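Every read-out reported here was derived from the displayed coordinates using simple, explicitly stated rules and does not represent laboratory data. Note that the structure is a prediction, hence the values are computed from the model and not measured. Ideal geometry is used to build each Cβ from the backbone, glycine not excepted, and the neighbour counts take in all protein chains shown.
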Amino acid sequence: MSPSGPAAGSGAGAGRIVFDDVSKAFPGRAVSTAALRGVSIDVAPGTIFGVIGYSGAGKSTLIRMVNGLEQPTTGRVVVDGVDIGALRGAALRAAQKHTGMIFQQFNILATVRVRDNVALPLRLDGVGKAEARARADEVLDFVGLSAKADSFPGELSGGQKQRVGIARALARNPRILLADEATSALDPTTTAQIIDLLRRVNREYGTTILVVTHEMDVIKDLAHQVAVMAAGEVVEQGSVLDTFLRPRTGVARDFVSTVVPQAVPDRVVAHLGGEGLWRLLLLDDEVTQPLVSDLITDIGVQVNMLHADMTEIQEHTVGQMIVKVTGAPERIAAARRFLAERVVHLEELVA
Ligand SMILES: Nc1ncnc2c1ncn2[C@@H]1O[C@H](COP(=O)(O)OP(=O)(O)OP(=O)(O)O)[C@@H](O)[C@H]1O
Ligand SMILES: [Mg+2]
């Protein structure tokens, strides 16, 4: 599609989201639930920011604050300089136009043809029928669904329904796209296609994308930055690559291990544990070094390779090796020094 220019009022660098010490309590009959506690996150314009956490961590509550569907109990959610929680009525509705949202269950109207589903936000804005439909056709072309414009949602697959959801969210040319578990109802292949599409939205339109998910694969393939949430708090945040290489909390380690499994059973660790049982992480060019043969010939140790794998994270290659190095104690120490200079991370495995 030929983009019809940025939405009115947006400009270079628009789409910044700041959560400033945000807390949310839902009052209950007996006790109130603290859904969010002291959350501070700064989402830079034009980036893809992922929030990961288990069920009940507060992800949906957090993302719904960005378009004013929830208000913080304390703290502020500031979108492009505007405190969203303080807006009401027409001012809130005007601000909401800059933010599109997609959902796990797609939330498209079953009795309305695809084109009119996509045109709906514009029609609600008072845009004429012909103009709204023309814009809908543009975005449907962008998401690769032109052929389905006259179909009803019931005639579409899950992945196609989510494309309709994305097209509808993009119809107003928003600065920000919010995705709440947008791929959780889809199979892995369809998930990959939707992730590719979201990356293209970010690349071609510079749209800031805030995505919440419980799937670390989605974070790995989609996000630039990540915040890990547990029980309403952000327990760590940083670049996606850094979080994969050096998760600092147990929750983050558990999520990372769903993508990069530490594939040696505890029984084997117990059997081989002690000096020289190491997990090595290698980054980019490090993965092509002849590490094992150098250890054997130059350092004079024996190497038992227990596991090796490789994955792509944010256009970087990350290799993992689990080795048991044996030899005289001073040779093992020399091997450790040798590796420390050649791998990005060395971790001792203990039973
Ligand atoms: N409208 C509400 N009223 C009362 N409690 C709520 C409400 N919405 C959310 N909560 C509570 O706030 C906490 C966080 O819920 P939230 O839906 O944000 O979690 P989530 O991380 O999105 O979980 P999931 O992965 O299951 O979608 C939960 O304890 C939930 O029960
Ligand atoms: Mg949720």
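Extending 7 Å from the Cα toward the beta-carbon at both Tyr54 and Ser293 defines two label points whose distance is 4.6 nm. With the charge dipole of the chain set up from +1 on Lys and Arg Cβ and -1 on Asp and Glu Cβ about the Cα centre, the Cα lying farthest toward the positive end among the listed residues Pro329, Val260, Ala185 is that of Ala185.
When ranked by the protection proxy of mean other Cβ atoms within 10 Å per residue, highest first, what sequence do the peptides 232-242, 218-228 form? Write out the running numbers ahead of the final one.
Details: 232-242: 18.1, 218-228: 24.6.
Highest-to-lowest ranking by the protection proxy: 218-228, 232-242.
Computed on the range 172-316, with alpha-carbon pairs under 8 angstrom and 6+ residues apart, the relative contact order is 19 percent.
Going highest first, how would you order 17-24, 113-120 by mean Cβ packing within 10 Å? Display every interim value, and only then the final one.
Working: 17-24: 19.8, 113-120: 23.1.
Per-residue mean Cβ counts within 10 Å order the peptides as 113-120, 17-24.
Rounded to the nearest angstrom and listed largest first, the equivalent-ellipsoid semi-axes of the range 266-348 from its Cα gyration tensor are 21, 16, 10. Taking the Cα centre of the chain as origin and assigning +1 to Lys and Arg Cβ atoms and -1 to Asp and Glu Cβ atoms, the resulting dipole is close to 1380 debye.
Summing -39500 (n - 2.57) over the DSSP H runs of n ≥ 4 in the chain and dividing by its residue number, what mean residue ellipticity at 222 nm do you reach, to the nearest 500 deg cm²/dmol? Working shown, then result.
Working: 12 runs with 114 residues, N = 351.
The helix-only estimate for the chain comes to -9500 deg cm²/dmol at 222 nm.
For the range 192-268, the alpha carbon positions stretch 50, 27, 19 Å along the principal axes, listed from largest to smallest.
Using the C-alpha atoms of the range 58-141, what convex hull volume per residue, in cubic angstrom, is computed?
On the way: hull volume 10.6 nm³, N = 84.
Looking at the range 58-141, the number lands at 127 Å³ per residue.
Dipole of the chain computed with +1 at Lys/Arg Cβ and -1 at Asp/Glu Cβ about the Cα centre; of Val127, Phe19, Ser32, farthest Cα towards the positive end is Val127.
The chain has equivalent-ellipsoid semi-axes of 45, 23, 17 Å, by the square roots of 5 times the alpha carbon gyration tensor eigenvalues, sorted largest first.
Its residue count N fixes a reference of 2.2 N^0.38 Å for the range 1-153, and the Cα radius of gyration divided by that reference is 1.20. Extending 7 Å from the Cα toward the beta-carbon at both Asn304 and Asn107 defines two label points whose distance is 5.5 nm. Val114 sits among other residues whose Cβ lies under 15 Å from its own Cβ, and their net charge, with Lys and Arg +1 and Asp and Glu -1, is +3.
Relative protection proxy for 88-94, 54-60, 149-155, from highest mean packing down: 54-60, 149-155, 88-94 (other beta-carbon atoms within 10 angstrom).
Here the Karplus curve 6.51 cos²θ - 1.76 cosθ + 1.60, taken at θ = phi - 60°, turns the phi angles of the range 45-50 into couplings of x, x, 9, 10, 10, x Hz, with x standing for Gly and Pro. In the range 136-186, the C-alpha radius of gyration followed by the widest Cα-Cα span (Dmax) gives 11.0, 31 angstrom.
Which whole-number percent is the relative contact order of the chain (Cα, under 8 Å, 6+ apart)?
Contact order relative to length: 18 percent.
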